[in-house]
1. Amide H to amide H, which residues 5 or more places from Tyr57 or on other chains are under 5 Å from it, using H placed in the peptide plane?
2. Taking Cα centroids, how far is the stretch 14-73 from the stretch 132-148 in Å?
3. From the residues Ala69, Leu82, His130, which one has its Cα farthest along the dipole of the chain in the positive direction, the dipole being from +1 and -1 charges on Cβ of Lys/Arg and Asp/Glu about the Cα centre?
4. Quantify, in whole percent, the carbon and sulfur part of the accessible surface of the chain (1.4 Å probe; protein heavy atoms only).
5. Using modelled amide H (1.01 Å from N, peptide plane; none on Pro or chain starts), what sits under 5 Å from the amide H of Asn117, excluding residues fewer than 5 places away?
6. Give, in nm to one decimal, the length gained when the segment between Val81 and Val20 is fully stretched (0.36 nm per residue of separation minus the Cα-Cα distance).
7. Just how large is the dipole of the stretch 1-124 about the Cα centre, in debye to the nearest 20, putting +1 at every Lys and Arg Cβ and -1 at every Asp and Glu Cβ?
8. May I ask you to derive the relative contact order of the chain, considering only C-alpha pairs under 8 Å and at least 6 residues apart, and to give it as an integer percent?
Amino acid sequence: MRRTPRGARWDGLYWAGSAVFALALAAVTTLPAHRVWGGCAAVGYAVAAVLAGRSAYAWGRASALAAVAGSVLLPLAVLMVLGTAQPEVGVVEHSGDLLLATGSPYAPHPSLVDDFNPYLPGMALLGLPHALLGDNPLTDARLWFAAVFLGALAVAARPGG
């Protein structure tokens, strides 16, 4: 990381703006999962803004980790404990069931909105643990979403990567 003059730094403002957006979403949404995400993310982004302000480096690791913890890991844990999920989670888990049963992740004649799978076939792979091992916390598709996201983030954040 390189040192940058204070006047040229945008990281703290970026995190603070993200915190304001997340808090605004939590305040106005009617969807419980979005409210949980907004509250958790607002805290994570606010901590990231404070850490950015205290760092001698732009876009420091500590602020990025605080943002990821608050906007990804904490809401994931809270939503799983509450048993609350967005419909997309059920769609992906159902597509895993269909993939095992029929060889296709798509319902042949979707009649309800939640029967329709708008995702590419590879997304059904994240529903396979649920399809194979049943409904338990370790087979929740959100864990697999998070694992893929965090793996991609780690690859993208590699020095020289």
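1. Result for Tyr57 returns nothing.
2. That distance is 25 Å.
3. Of Ala69, Leu82, His130, it is Ala69.
4. 71
5. Ala107
6. 19.4 nm
7. 1080
8. Answer for the chain is 17 percent.
The values are calculated or read from the model by the stated rules, or taken from the named source; none is laboratory data. In this text, all values refer to a predicted model and were calculated from it rather than measured experimentally. All Cβ positions, glycine included, derive from the backbone under ideal geometry; neighbour counts span all protein chains shown. Surface areas here come from the heavy atoms of the whole protein model, side chains and all, with no ligands, DNA or RNA. Shrake-Rupley method; radii C 1.70, N 1.55, O 1.52, S 1.80 Å.
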